[in-house]
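These notes concern the structure reproduced below.
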Amino acid sequence: MQIYKVGGAVRDRLLGQPVTDIDWVVVGATTEEMLAKGFRPVGADFPVFLHPKSGEEYALARTERKNGRGYGGFIFHASPDVTLEEDLIRRDLTINAMAEDDQQNLTDPYHGQRDLEARVLRHVSPAFAEDPLRVLRVARFAARYAELGFTVAPETLELMRQLSESGELKALTPERSWKEIARALMEDQPQVFIAVLRECGALKVLMPEVDALFGVPQPEAHHPEIDTGVHTLSVLEQAALHKQPLTVRWACLLHDLGKGLTPEEEWPRHIAHEHKGLKLIKAVNERFKAPKDCQELALLVGKYHTHGHRALELKPSTLLELLQSFDVYRRPQRFEEFIAACEMDARGRKGLEQRSYPQADYLRGAATAARSVAVQPLLEKGFKGPELGEAIKGERLKALKVYKSASSV
Ligand code: CTP
């Protein structure tokens, strides 16, 4: 049997990027031979094994054919007579379809190296269409390598467009899609992921609520970039520049969905968009089965981001309601993430990226003031049950009044 390094490990070594995990392909072997060498099978029908020591993935060279819709619709053909070239041709991109032996001799039948040099993401063959997840993968690679100057080849974009129009994307499971989305959002230029999905028509299928924001104007005085979709991309860009976690990036992407519902005659104003957007945010959250912390933050940011921006003008009672809604006493981290998302929203406006955001420290100070109320003295006064709750709230309100007047001096 011959063993080759394939895929991302070869690509990233040639690009001079850090290699995180290594995939191997094995030519000329049978399942029985792999098992005899101590490899552990990954799945029942899947010709992939884990190395007994390193735990790295070793796949038997295979061809793949599709016999139905979705991810279940694959049949694999793995046998010792499948060649390396046959295995490589079914892969997604030319830059991912190179193999390397233990002497670092490159097998590159589909010119991956040429495309690496030309900074092009190009599909290998029509077999690309066998897995619609690849539409998301290409958009993710575009986001990851945007910094290096990579773009999607026009013919690949066209194929992605056809796949998006065919309805195949709808067959993807939420879990597979979410994994790609989450990874893409954590790249350095996540806005490129959304832009590429939009360009090939996939955004309209996957997240029509986000797609609908393009072409929707906002008041120029607050939003010099005007377009809500453009603004959303900038907010995401800021979130990545400021190294925000996934929860914040997800919330940034979804915070303005309500603006897509504003009747045209109300443009460029978006009255109550925060509230209107909640059902859309919920729908997107559920469509991809986003993790609970992402779902929660997206809904809270959707509902309260304008409160964040107006923090300095809020009455102490409104400020208290905001803090209560976030349960800042038990969930301080979530409130920090809310503040971060609001700040990214403010910075994601054309020409205002560097403007300071005093609301952030003001909100932090308010949370500290409310949190500083001690419960013990109230217990000692004999408060219990709901009365105790009211008494604590009353004390917090007092603390916020003091905080607000002290801050406005
Ligand atoms: N691959 C593919 N189609 C997919 C998934 C994977 O063709 N839908 C192939 C590609 O050749 C890819 C390899 O399998 O390079 C390994 O896949 P994976 O580990 O998911 O990605 P990497 O390319 O290693 O990239 P990353 O750095 O994102 O892990």
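At a glance:
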{"quantity": "D361, D227, reordered so the largest accessible area comes first (probe 1.4 Å)", "calculated": "D361, D227"}
{"quantity": "Within region 1-67, GluC sites (Glu not before Pro) in DSSP loop having at most 15 other beta-carbon neighbours inside 10 Å", "calculated": "E56"}
{"quantity": "Among A298, Q189, I339 the positive-end extreme of the charge dipole of the chain (Cβ point charges)", "calculated": "I339"}
{"quantity": "Charge dipole of the chain about the Cα centre (unit charges at C-beta), most positive-ward option of S54, G8, L254", "calculated": "L254"}
{"quantity": "Accessible area of the chain belonging to carbon and sulfur atoms, whole % at 1.4 Å probe", "calculated": "52 percent"}
{"quantity": "Solvent-accessible surface (1.4 angstrom probe) belonging to W178, in square angstrom, nearest 10", "calculated": "30 Å²"}
{"quantity": "Relative contact order [Cα under 8 Å, 6+ residues apart], the chain, whole percent", "calculated": "10 percent"}
{"quantity": "Contact order normalised by residue count of region 207-334, Cα under 8 Å, 6+ apart, percent", "calculated": "22 percent"}
{"quantity": "Probe 1.4 Å, all protein chains present, accessible-area order of I181, I89, largest first", "calculated": "I89, I181"}
{"quantity": "Listed residues L322, L388 arranged by accessible area, highest first, probe 1.4 Å", "calculated": "L388, L322"}
{"quantity": "Relative contact order (percent, whole number), region 1-109, Cα cutoff 8 Å, 6+ residue spacing", "calculated": "28 percent"}
{"quantity": "Within the chain, helix-based [θ] at 222 nm, where runs of 4 or more DSSP H residues each add -39,500 (n - 2.57), nearest 500", "calculated": "-15000 deg cm²/dmol"}
{"quantity": "For the chain, accessible area per residue (1.4 Å probe, heavy atoms of protein chains only), Å²", "calculated": "47 Å²"}
{"quantity": "Part-to-part distance (alpha-carbon centres) for region 10-26 and region 110-182, which is given in Å", "calculated": "18 Å"}
{"quantity": "Calculated Rg and Dmax of region 292-357 using C-alpha coordinates, Å", "calculated": "12.2, 37"}
{"quantity": "Crossing angle, helix 359-371 versus the chain [Cα axis fit, 0-90 degrees, rounded to tens]", "calculated": "70 degrees"}
{"quantity": "Accessible surface of V10 - all protein chains present, 1.4 Å probe, nearest 10 Å²", "calculated": "0 Å²"}
{"quantity": "Over the chain: Kirkwood hydrodynamic radius from C-alpha pairwise inverse distances, Å", "calculated": "24.1 Å"}
{"quantity": "Stokes-Einstein D (µm²/s) once Rh is taken as the Kirkwood radius of region 97-160 over alpha-carbon pairs, at 20 °C in 1.002 mPa s", "calculated": "170 µm²/s"}
{"quantity": "Accessible-area value, D108, 1.4 Å probe, nucleic acids and ligands omitted, Å²", "calculated": "40 Å²"}
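The values are calculated or read from the model by the stated rules, or taken from the named source; none is laboratory data. Keep in mind it's a predicted model, so treat the numbers as computed, not measured. Backbone-built Cβ (ideal geometry, glycine too); neighbour counts: all protein chains shown. SASA here: full protein model, heavy atoms, side chains in, ligands and nucleic acids out. Shrake-Rupley method; radii C 1.70, N 1.55, O 1.52, S 1.80 Å.
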